[in-house]
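The values are calculated or read from the model by the stated rules, or taken from the named source; none is laboratory data. In this text, all values refer to a predicted model and were calculated from it rather than measured experimentally. When we count neighbours, we look across all protein chains shown, and the Cβ atoms used for this are built from the backbone with ideal geometry, even at glycine.
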Amino acid sequence: MAFIETGIPRAGIVELLFYKGSTGAALSKLAHTILHGSSPLAKGERELIASYVSYLNQCEFCHLSHSASANEHLGDPQGATVMRIRENIDTAPVSEKMKTLLRIAGKVQQSGKAVTADLIKAAKKAGATEEEIHDTVLIAAAFCMYNRYVDGLHTSLPESKNDYLDSGKRMATKGYRFPPAFLHWLVRKLLRKDPQKLRVRPENNVF
């Protein structure tokens, strides 16, 4: 149960997004832009960054949900790539460029000031472009915020790990669009009455 009474019986960030639609719409738009919008980084690569930063922040909901989305993008149902990244970036089955970007993301998780010129130089040497470095830092910084939002209000976790698989497929396919404002009242009503009903609705693309 969250620290505040939201009236939205859903796990993780979904509860908070629909509790306050104005901020929920803005946060969903940001997530959709940085993870599904235009970028030289593939969607699966961006989800790996989100997953890794969430892991470092010990945010279980965000880590497992974005890991599931990364697995879907990468065609890796067992999550071997995510697991290997958690264990040791140096031996993970990703490109050398991606390894350097994940190291940068890890430093952003500690502090923006922990990112050094040497890390940036190494990323460029491995083939990372200016935009890829920019997008990596932005995703890492944004997920520190999302992680702290989710855990700072003590949101609940799904009852079943299978829920992460379902949401991962939905996120990978549809992204993070928030329902239009004129549907908020209906979505909130459905969420309060029966959270499971919302899963089949096409506008439910958030996290």
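Restricting the stretch 75-93 to residues that are among the hydrophobic types (A, V, I, L, M, F, W, C) and under 22 Å from Asn147 (Cβ atoms), which is surrounded by the fewest Cβ atoms within 10 Å (Cβ to Cβ)? Steps first, please.
Residues of the stretch 75-93 among the hydrophobic types (A, V, I, L, M, F, W, C): 80, 82-83, 85, 89, 92.
Going one step further and asking which of them are under 22 Å from Asn147 (Cβ atoms), we end up with 82-83, 85, 89, 92.
On the way: Val82: 24, Met83: 12, Ile85: 24, Ile89: 18, Ala92: 20.
Among those residues, the one meeting the criterion is Met83.
Across the stretch 143-163, what is the total count of residues that are of a type in the set (Lys, Arg) and part of a helix (DSSP H, G or I)? Full working, then the answer.
First pass over the stretch 143-163, keeping only residues of a type in the set (Lys, Arg): 148, 161.
Still in the running and part of a helix (DSSP H, G or I): 148.
Result for the stretch 143-163: 1.
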**Request:** Would you point out which residue out of Ser39, Ser69 is buried (at least 18 other Cβ atoms within 10 Å of the Cβ), assigned to a helix (DSSP H, G or I) and either in contact (Cβ under 8 Å) with a residue 40 or more places away in the chain or among the basic types (Lys, Arg) (or both)?
**Result:** Ser69
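When you look at Ala140, is it at pLDDT 65 or above, crowded, with 18+ Cβ neighbours inside 10 Å and part of a helix (DSSP H, G or I), yes or no? Steps first, please.
Working: at pLDDT 65 or above: yes; crowded, with 18+ Cβ neighbours inside 10 Å: yes; part of a helix (DSSP H, G or I): yes.
When the stated conditions are applied, Ala140 passes them.
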**Message:** Cβ-Cβ distance below 9 Å, separation of 6 or more or different chains: which pairs start in the stretch 165-181 with a residue that is assigned to a helix (DSSP H, G or I) and end on one that is surrounded by fewer than 16 Cβ atoms within 10 Å (Cβ to Cβ) and modelled with pLDDT under 90?
**Reply:** Asp166/Arg199; Ser167/Arg199; Arg170/Arg199; Lys174/Pro202
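Here is a yes/no grid of residues against (1) part of a helix (DSSP H, G or I); (2) over 17 Å from the mean Cα position of the chain (by Cα); (3) not aliphatic (A, V, I, L, M):
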site	(1), (2), (3)
Pro93	no, yes, yes
Lys97	yes, yes, yes
Arg103	yes, yes, yes
Gly106	yes, no, yes
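Out of curiosity, is Ser51 part of a helix (DSSP H, G or I), under 13 Å from Tyr146 (Cβ atoms), in contact (Cβ under 8 Å) with a residue 40 or more places away in the chain and among the hydroxyl-bearing types (Ser, Thr, Tyr)?
Details: part of a helix (DSSP H, G or I): yes; under 13 Å from Tyr146 (Cβ atoms): yes; in contact (Cβ under 8 Å) with a residue 40 or more places away in the chain: no; among the hydroxyl-bearing types (Ser, Thr, Tyr): yes.
No, not satisfied.
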**Where Leu64 falls short, out of the listed (1) assigned to a loop (DSSP other than H, G, I, E, B); (2) touching a Phe, Trp or Tyr at 6+ places or on another chain (Cβ under 6 Å)** = (1)
**Message:** For the structure I just gave you, tell me whether Gly152 is at positive phi and either modelled with pLDDT of 95 or more or of a type in the set (Lys, Arg) (or both).
**Reply:** no
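Considering Glu72, Glu45, which residue is out of contact with any Pro (no Cβ under 7 Å at 6 or more places or on another chain), within 13 Å of Gly175 (Cβ to Cβ) and at pLDDT 95 or above? Working first, answer last.
On the way: Glu45 fails: within 13 Å of Gly175 (Cβ to Cβ).
One residue alone meets the criteria, Glu72.
What number of residues in the stretch 111-124 are surrounded by fewer than 16 Cβ atoms within 10 Å (Cβ to Cβ), touching a helix residue (DSSP H, G or I) at 6+ places or on another chain (Cβ under 8 Å) and free of Cβ contacts under 8 Å to residues at least 24 places away in the same chain?
Filtering the stretch 111-124 for residues surrounded by fewer than 16 Cβ atoms within 10 Å (Cβ to Cβ) gives 111-114, 116-118, 121, 124.
Restricting the remaining residues to those that are touching a helix residue (DSSP H, G or I) at 6+ places or on another chain (Cβ under 8 Å) gives 112, 114, 116, 124.
Filter once more, keeping what is free of Cβ contacts under 8 Å to residues at least 24 places away in the same chain: 114, 116, 124.
Qualifying residue count, the stretch 111-124: 3.
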**Asked** Before we move on, is Ile8 closer than 20 Å to Cys144 by Cβ and β-branched (Val, Ile, Thr)?
**Response** no
**Message:** Based on this model, can you work out whether Asp135 counts as surrounded by 17 or more Cβ atoms within 10 Å (Cβ to Cβ), modelled with pLDDT of 95 or more and of a type outside the set (Gly, Ala, Ser)?
**Reply:** yes
**Request:** Taking only the stretch 1-58 into account, find how many residues are of a type in the set (Phe, Trp, Tyr) and within 25 Å of Asn71 (Cα to Cα).
**Result:** 2
